[in-house]
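Taking it in order: structure first as structure tokens, then the write-up.
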Amino acid sequence: MDSASPIDQQRQYFRIVFPVAQRPRLDVDGRRFTVLEMSEGGASLVVDATTPPHWDAPRSATITLADGTEIAAETIAERRAAPGVLAVRFVELLPLSIITAEQRRLATLYPRIK
């Protein structure tokens with residue numbers, strides 16, 4: 001019997017799933033994509049049928065958060081994660097400080113109801 005440990009099944013980085021009204025955008029090669037999820041290591045983008053399923057060479061991109069913060073990143077498109085969704089990897093990790101600040105900002109806007 002081959003069973004994976006729970007640690008093997010967890011993601012390597014904490015991933016922010018954005019509410020619709022707070023979704024960032026990612027601009028690359030003159031195209032603008034909506035970001036569904038993002039971590040230090042990558043993001044999931046909304047794409048259409050004309051978007052290539054991957055690109056091997058790093059591409060310069062700008063991520064713009066809902067509060068206007070801009071982040072420069074080098075991206076590599078890895079795969080279609082689902083119909084209409086493209087998974088991209090960041091060549092260099094985004095700063096953890098940006099991810100945690102965005103997480104705090106979203107927690108302030110969308111507090112959990114107890």
Next item on the list: Rank by packing, highest mean first: peptides 103-111, 71-79, 27-35, with packing defined as the count of other Cβ atoms within 10 Å averaged across residues.
Entry: 71-79, 27-35, 103-111
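Can you give the calculated 222 nm mean residue ellipticity of the chain, where each DSSP H run of n ≥ 4 adds -39,500 (n - 2.57) and the sum is split over every residue, rounded to the nearest 500 deg cm²/dmol?
Values: 1 runs with 14 residues, N = 114.
After summing the helix terms and dividing by residue count, I get -4000 deg cm²/dmol.
Given a Förster distance of 25 Å, report the FRET efficiency between residue 98 and residue 29 from their Cβ-Cβ distance, rounded to the nearest 0.05.
Details: r = 23 Å, r/R0 = 0.90.
Result of the calculation: an efficiency of 0.65.
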Check: What is the packing order of peptides 85-98, 55-68, taking the mean over residues of other C-beta atoms within 10 Å and listing the highest first?
Finding: 85-98, 55-68
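None of the figures in this text is laboratory data; all of them are computed from the coordinates on show. This one's a predicted model, so the numbers in the text were calculated from it and none came from an experiment. When we count neighbours, we look across all protein chains shown, and the Cβ atoms used for this are built from the backbone with ideal geometry, even at glycine.
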